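Data block below; observations after.
The values are calculated or read from the model by the stated rules, or taken from the named source; none is laboratory data. Everything numeric here is computed off the predicted structure, so don't read it as measured data. Don't worry about glycine lacking a Cβ; one is built from the backbone with ideal geometry, like all the others, and counts go over all protein chains shown. Accessible surface is based on the protein model in full, side chains and every heavy atom, while ligands, DNA and RNA are left aside. Shrake-Rupley method; radii C 1.70, N 1.55, O 1.52, S 1.80 Å.
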Amino acid sequence: QKALNEIAGVFGEGDEQNKSKVLEKLQSEGLLIPSSGGYMLPWWKVRDALLEEVQAKGEDKIKIHLGVSINTVTEKDDGSYLATFKDSNMQIMADLIIGADGVNSYVRCEILKLPPAVPSGAFVWRGSFDTNNASSSCDNLKQFQDFPIAKLTKFGEAMILCYFNFHPQVDGQVAWVFSVRANMLPDNINIDCGTTTPIDLIKSFMDNADGENYDEELTQAYKLAKIAFDNTHQPSDLTWSSEMRVVDLTQKDIGWGGKGRITLIGDAAHSLRPASGLGGSLAFEDAALLGLYAARSNVSSATSIEEQLRAFEKIRLPRCKSISNDQSIRSNLSYALGFGGVPAWDPAYRKWINDGIDATPEPPVSEMDVFEGLLSDKEDV
């Protein structure tokens with residue numbers, strides 16, 4: 001919330017300042033998480049709310065070009081950049097470039113020539129459904145309304161299905177996330193992105209499960225999963241999947257990677273495993289702090305801009321590196337132990353996480369401390 005408030009809390013200057021409705025809207029549709037004071041929302045709710053605000057408030061200052069891809073970026077003698085685009089005659093001159101183009105970032109790989117994000121071995125599907133769906137032939141949809149805020153189901157060691165119950169705040173809405181560790185699947189079960197569905201994988205697991213692991217609880221979990229998937233809003237969500245990729249910040253001597261008037265934010269800089277849903281939060285922190293640092297620079301001075309970009313990167317790197325390592329370990333352990341078996345954050349580390357843009361660059365305690373003695377028993381982590 002701190003980062004979002006910095007980004008979208010107030011628009012305009014002086015007497016023309018207007019309080020943004022973004023936070024108010026998101027809080028009205030999100031589920032309060034008592035432990036952190038934050039709110040849980042489907043990612044598209046945040047995206048759509050911010051886009052709507054930008055279009056409404058920044059129409060005369062912010063131009064959004066959809067459906068175009070960068071072709072070339074050329075640095076000019078004065079330190080500015082000229083960008084051209086594929087299948088378009090459009091050209092854009094820019095004082096600086098911010099690579100916010102996601103895990104498969106063009107800016108990261110093609111302009112800055114940095115190592116790409118590496119496959120994590122985990123595949124993920126996402127979707128949602130309406131438990132009040134009157135057109136559904138299923139009479140059991142409403143039972144999802146009684147679920148806790150987050151409910152996790154494991155199908156063996158390789159598959160995790162999480163339900164996120166937004167019904168208490170948004171009538172009828174439940175979202176789901178299905179993740180799979182491909183290297184832990186039986187040899188006869190394969191994933192074909194764009195074709196394989198969650199129910200295909202769960203059914204294959206059920207068909208292969210022996211009597212010892214095939215109990216009534218698992219059977220009920222399979223039936224519930226089938227109901228959720230059969231009523232998913234967008235059928236394409238069942239076939240659209242992606243292999244999670246990670247920018248490995250644990251590599252020796254790795255830095256943020258920006259140079260000149262170019263920097264990275266979000267997944268382009270630090271794509272991480274989604275054990276605690278911190279990827280979006282870190283991206284908002286990036287945006288908030290980059291705005292503060294950029295405001296200190298003199299646009300007419302390339303040196304000033306570059307100094308502020310490097311200062312921004314320096315303060316962000318240790319925080320993102322620690323959280324990235326923590327999330328990778330937690331994600332791997334969750335397959336073996338379930339989320340309930342993964343140690344909680346040290347209280348001091350939790351506070352540091354929740355401090356957001358006000359946090360110190362370095363954590364007060366190492367993220368590794370709570371895993372001491374546990375990792376040696378798990379060779380795959």
task: Identify which of LEU224, LEU66, LEU201 has the largest mean-square fluctuation in a Gaussian network model of the chain, with springs joining Cα atoms closer than 10 Å.
output: LEU66
field: Average accessible area per residue (Å²) across the chain - probe 1.4 Å, nucleic acids and ligands excluded
entry: 53
- request: Could you check how much of the accessible area of the chain is carbon and sulfur, as a whole percent, using a 1.4 Å probe?
  value: 49
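Per-residue counts of other Cβ atoms within 10 Å, averaged by peptide: what ranking do you get for 69-81, 142-154, highest first? Don't jump to the answer; show the numbers that get you there.
Details: 69-81: 12.7, 142-154: 14.9.
Ranked from most to least packed, the peptides come out as 142-154, 69-81.
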task: Holding the Cα-Cα limit at 19 Å, pick out from LYS25/LYS151; LYS154/LYS321; LYS252/LYS314; LYS21/LYS57 the pairs that are longer than that.
output: LYS25/LYS151; LYS154/LYS321
statement: Asserting the computed 222 nm helical MRE of the chain (DSSP H runs at least 4 long, -39500 (n - 2.57) per run, divided by residue count, to nearest 500) equals -10000 deg cm²/dmol
message: Could you identify which residue out of ALA182, ALA336, ALA348 has the top mean-square fluctuation in a GNM of the chain using Cα springs shorter than 10 Å?
response: ALA348
field: Computed FRET value (nearest 0.05) for TRP43 with MET93, which takes r as the C-beta separation and R₀ as 30 Å
entry: 0.40
task: Along Cα→Cβ, 7 Å out, is where each label goes; now give me the distance between the ones at ARG296 and LEU337 in nm to one decimal.
output: 3.9
